[in-house]
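Quick note: the coordinates plus some simple rules give every number you see, no bench work behind them. None of these values were measured; they are calculated from a predicted model. Using ideal geometry, Cβ is built from the backbone for each residue, glycine included, and neighbour counts are taken over all protein chains shown.
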Amino acid sequence: MTAAVQTAEQLCTKKCVPCEGGVPKLTTAEAEAQIKQLSGWELTSNHERICKTWITKNFMAAMNFFNHVACVAECEGHHPDLHLESYRKVTIEIYTHAIGGLSENDFILAAKIDSLPVSLKQ
């Protein structure tokens with residue numbers, strides 16, 4: 001059974017469900033179809049992770065964005081890998097650790113991250 005492709009707006013209305021394993025990974029085709037609904041996100045690591053990069057206005061803008069992401073991630077119970085390089089280059093990588101690949105939760109979190117405020121470099 002193929003997972004239904006959902007818009008970013010539909011994903012934002014959902015809540016991540018706890019996953020301790022036993023949930024099947026999304027197939028490459030399912031992940032490729034779903035990623036098209038999210039702006040700027042890419043499939044990485046052999047289609048088992050998604051990531052996106054932002055260049056923020058400055059260091060404090062990056063930290064502020066990370067704090068917003070941390071609050072959403074904690075509420076969802078789904079925690080991304082956060083990376084900061086060159087003081088304002090923010091990269092977020094998401095996957096479902098328990099299954100070593102992508103699940104619906106990853107796309108829910110990505111859509112919610114995209115709805116957060118972020119001060120970008122002009």
### Message
Using the Cα centre of the chain as the reference point, and only Cβ charges (+1 on K/R, -1 on D/E), how large is the resulting charge dipole? Debye, rounded to the nearest 20.
### Response
420
### Message
Less than 15 Å Cβ to Cβ from Ala33, Lys/Arg counted +1 and Asp/Glu -1: what total charge do the surrounding residues give?
### Response
-3
### Task
Specify the angular offset, from 0 to 90 degrees and rounded to the nearest 10, of the alpha carbon long axis of helix 59-76 from the longest principal axis of the alpha carbons in the chain.
30
### Message
Within the chain, count lysine pairs with alpha carbon atoms under 19 angstrom apart where the residues are 8 or more positions apart or belong to different chains.
### Response
14
#### Entry: Cα gyration tensor of the chain - equivalent ellipsoid semi-axes, whole Å, descending
24, 14, 13
## Note on the structure
Among the Cα-Cα pairs of region 22-80, the proportion with separation greater than 14 Å, in percent, is 67
### Message
Apply the Karplus curve 6.51 cos²θ - 1.76 cosθ + 1.60, θ = phi - 60°, to the phi angles in region 113-122 and return the couplings in whole Hz, x for Gly and Pro.
### Response
5, 5, 8, 7, x, 8, 8, 9, 5, 7
### Message
Tell me the net charge near Phe59. Cut-off is 14 Å between Cβ atoms, Phe59 excluded, with +1 for each Lys or Arg and -1 for each Asp or Glu.
### Response
+3
